[in-house]
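Comments concern the structure below.
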Amino acid sequence: MDCLFCRIIKGEIPSNKVYEDDKVLVFLDINPNTNGHMLIIPKEHIVTVDEVSSSLASHILEVEKKMHKLLTEKLNCKGLTIVQNNNYGQEVKHYHVHLIPRYTDDCWKMAFRQDNLLDVKEVLDKLNN
């Protein structure tokens, strides 16, 4: 297996570490959307959210809170966008959470095509049947 994030965890590829414990590593994103954009990755090779245990999910949430506090105190961010992709849209096939600090002047927004969306009733029908 040649997983980029596993290689970062092993120290084979350098990263700008922000936080580390026995379960996760947090480092700055190499292609940030805003100042302080960071990733939380589990040290265990997990691909999607379906493989994340409840205890690991809880731990990641606690780390998210610590990083949010750090970003607010040190970089004066005004908010935090948390993104986690699975399969389609997941560039590195190792579970990771993006923490994207938000600033009043950051001009960053998530933009998606909306011309192919179902109406709300169709979505509810599909989800409930």
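The values are calculated or read from the model by the stated rules, or taken from the named source; none is laboratory data. Bear in mind that the values here come from a model prediction, so they are computed numbers and not experimental data. FYI the Cβ positions are ideal-geometry reconstructions off the backbone, even for glycines, and counts take in every protein chain you see.
Condition first: closer than 20 Å to E20 by Cα, in contact (Cβ under 8 Å) with a residue 12 or more places away in the chain and of a type outside the set (A, V, I, L, M). Now tell me which residues in segment 45-59 satisfy that. Even if it seems obvious, please write down each step before you answer.
Going through segment 45-59, the residues closer than 20 Å to E20 by Cα turn out to be 45-47, 52-59.
From what is left, the residues that are in contact (Cβ under 8 Å) with a residue 12 or more places away in the chain are 45-47, 52, 56, 59.
Of everything in segment 45-59, those that are closer than 20 Å to E20 by Cα, in contact (Cβ under 8 Å) with a residue 12 or more places away in the chain and of a type outside the set (A, V, I, L, M) turn out to be H45, H59.
What single numbered condition from (1) surrounded by fewer than 12 Cβ atoms within 10 Å (Cβ to Cβ); (2) at pLDDT below 95 fails to hold for S54?
The single condition S54 does not satisfy is (2).
Please tell me if V92 is closer than 18 Å to L4 by Cβ, assigned to a loop (DSSP other than H, G, I, E, B), aliphatic (A, V, I, L, M) and within 12 Å of the chain's Cα centre (by Cα). If you could, list the steps in order and put the result at the bottom.
Working: closer than 18 Å to L4 by Cβ: yes; assigned to a loop (DSSP other than H, G, I, E, B): yes; aliphatic (A, V, I, L, M): yes; within 12 Å of the chain's Cα centre (by Cα): yes.
For V92, the condition - closer than 18 Å to L4 by Cβ, assigned to a loop (DSSP other than H, G, I, E, B), aliphatic (A, V, I, L, M) and within 12 Å of the chain's Cα centre (by Cα) - is met.
How do the pairs read when you match residues in segment 60-85 that are farther than 15 Å from Y19 by Cβ with residues anywhere that are hydrophobic (A, V, I, L, M, F, W, C) and part of a loop (DSSP other than H, G, I, E, B), using Cβ under 9 Å and keeping only pairs 6 or more apart or on different chains?
Pairs that qualify, where the first residue is farther than 15 Å from Y19 by Cβ and the partner is hydrophobic (A, V, I, L, M, F, W, C) and part of a loop (DSSP other than H, G, I, E, B), are T81/W108; T81/M110; V83/M110.
Considering only segment 29-61, how many residues are out of contact with any Leu (no Cβ under 8 Å at 6 or more places or on another chain) and under 25 Å from K109 (Cα atoms)?
Looking only at that region, the number is 9.
I need a count of the residues in segment 95-129 that are in a loop (DSSP other than H, G, I, E, B) and free of Cβ contacts under 8 Å to residues at least 40 places away in the same chain.
Going through segment 95-129, the residues in a loop (DSSP other than H, G, I, E, B) turn out to be 95-96, 103-119, 129.
With the extra rule that they be free of Cβ contacts under 8 Å to residues at least 40 places away in the same chain, the set shrinks to 104-105, 107, 109-119, 129.
Summing the residues that are in a loop (DSSP other than H, G, I, E, B) and free of Cβ contacts under 8 Å to residues at least 40 places away in the same chain in segment 95-129 gives 15.
Give the residues of segment 73-83 that are farther than 15 Å from P32 by Cα and either surrounded by 15 or more Cβ atoms within 10 Å (Cβ to Cβ) or in contact with a strand residue (DSSP E or B) (Cβ under 7 Å, 6 or more places away or on another chain) (or both), sorted by residue number. Working first, answer last.
As a first pass, look at segment 73-83 and keep what is farther than 15 Å from P32 by Cα: 73-74, 76, 78-79.
Within segment 73-83, K78, G79 meet the criteria.
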